[in-house]
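The values are calculated or read from the model by the stated rules, or taken from the named source; none is laboratory data. The structure displayed is predicted, hence computed values, not measured ones. Every residue, glycine among them, receives a Cβ derived from its backbone with ideal geometry; neighbour counts consider all protein chains shown. Keep in mind that these areas ignore ligands, DNA and RNA; they rest on the heavy atoms of the full protein, side chains included. Shrake-Rupley method; radii C 1.70, N 1.55, O 1.52, S 1.80 Å.
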Amino acid sequence: MPTLLTTGLVAGSMAFASPAAADPSLSQVQQQIRTIENKLDTLNDQYNTANVNLTRVKAQQATVNKQLAATQAKLSALSDQTASYAISAYKGGDVSMMSSMITSGSADTFLDQLTTLDALTGKTAGALKQLKDAKAAQAAQQAKVNKLTSDAQTLVNTLTTSKKTYDAQLKPLKKLRAKLDPSEFGSDADAPEAPVGAPTTVKFAYAQLGKPYVFAADGPDSYDCSGLTMAAYRQVGISLPHSAHEQYQGNPHISRGAVEAGDLVFFNGFGHVGLAISNSQVIHAPTEGENVKISSIDSMGFVGAARPAG
C-alpha cells in the first residue's frame with residue numbers, strides 16, 4: 001500500500017507582514033513573496049504526490065470491490081445449490097424420505113437417505129467455507145483500502161485549501177511589488193534554441209521556455225516542475241508520475257558528476273525537479289509568478305539526479 005504524505009503546511013502557520021503595514025521596502029516585499037513561493041513549490045509537489053497516491057488507492061479500491069462482488073456471487077450461487085440439494089432430497093425425487101420410512105417401516109432406509117443428503121451437501125461444504133473465509137478477508141481488505149482512499153482524498157482537499165490561502169497572500173504582495181518597481185516586469189527575451197544533436201526531451205523543454213508556471217499543470221500552455229519533465233519524457237514514450245519525489249524514487253540514480261543532457265535533476269529536498277540540458281544547466285518551471293527558464297544546477301541546491309530508461 002502506498003504511504004500517504006503528511007504536511008505541515010496549514011493555513012494557521014502562515015503569518016506574514018501585511019503589505020499595508022508601515023511602508024515596506026521593495027526588498028522586504030520580495031522576500032515575503034519568495035518565502036511564500038518556496039512554500040508553494042513544496043506544497044505543489046506534496047499535492048502532486050498525494051494525487052498519485054489517491055489514483056493508486058482508488059485503483060486498489062476498485063479491484064477489491066470487484067473481487068468481493070465476485071466472491072459474494074459465487075457464495076450465493078453455491079448456497080442456493082446446497083439448498084436445492086436439501087429440497088430435492090426431502091421433497092423431490094420418486095419417493096420422499098419420510099414417506100419411504102413410513103411405508104418401509106425401516107429406520108435403516110431412512111438413514112440411508114440421510115447419508116445420501118450428507119453426501120450431496122458434503123460436496124459443497126468445503127467450498128462454502130473457503131468462499132466465506134475469502135469473503136471475510138476481502139471485506140477486511142476493503143475496509144482498509146476505503147480508509148486509505150478517504151485519507152488520501154482528505155489530504156488532497158487539505159492541500160488544495162492551503163494553496164488557496166497562499167494565493168490569497170501572494171496577490172496583494174505582487175500588486176505592491178509591481179507598484180514599487182514597475183520596471184521589473186518587462187517582456188522576456190527571445191527563447192534560445194536547443195543545441196544541435198540535443199535529445200528529444202531537451203528539444204521539447206527548450207520549446208517550452210517562457211511558458212508560465214502554474215500549480216499542478218502539465219502542459220501544453222503551462223507547467224509545474226514535474227509536469228514539465230513528465231511532458232518532456234512523454235515525447236519519447238516514457239511515462240513519469242506527476243511528482244518530483246516519485247520521479248526520483250522510480251528511476252535509477254546518478255551522481256552529480258555523471259549528469260548529462262536529458263537527465264532529471266532534483267532540488268529543494270527532492271521537491272523540485274528540472275531537465276538537465278548539460279552538466280551545468282537545467283530547464284525548469286520555477287515557481288508562482290515565473291516562467292519556464294534555464295538555471296545553473298549548482299546555484300539551486302542540487303540534491304540528486306536520475307536517468308529514466310525506456
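Summing +1 for each Lys or Arg and -1 for each Asp or Glu among the other residues whose beta-carbon sits under 12 angstrom from that of residue 214 gives -4.
Here segment 140-156 and segment 214-265 have alpha carbon centers that stand 28 Å from each other.
Taken along the Cα-to-beta-carbon direction at a fixed 7 Å, the label points for residue 249 and residue 154 span 2.0 nm. A 30 angstrom limit on the alpha carbon distance is what I want to check against. Which of 66/163; 58/164; 66/129 exceed it? Distance filter (> 30 Å) returns 66/163. If the segment from residue 76 to residue 128 were pulled out straight at 0.36 nm per residue, it would be longer than the present Cα-Cα gap by 17.8 nm.
Each principal axis of the Cα atoms in segment 235-296 has its own extent, and those three values, largest first, are 32, 27, 25 angstrom. Where the alpha-carbon atoms of segment 123-273 are placed on the principal axes, they occupy 84, 45, 28 Å, in descending order. Within segment 218-278, what whole-number % of the accessible surface is contributed by carbon and sulfur, with the 1.4 Å probe and all protein chains included in the calculation? Its accessible area is 49 percent carbon and sulfur atoms. This model, with +1 at the C-beta of Lys and Arg and -1 at the C-beta of Asp and Glu, gives segment 231-310 a dipole about its Cα centre of some 140 debye. Each peptide in 40-47, 138-145 receives the mean, over its residues, of other Cβ atoms within 10 Å, and ordering these scores from highest gives 40-47, 138-145. Taking amide H as placed 1.01 Å from N in the peptide plane, residue 281 has its amide H under 5 Å from the amide H of 297, each at least 5 places away in sequence or on another chain.
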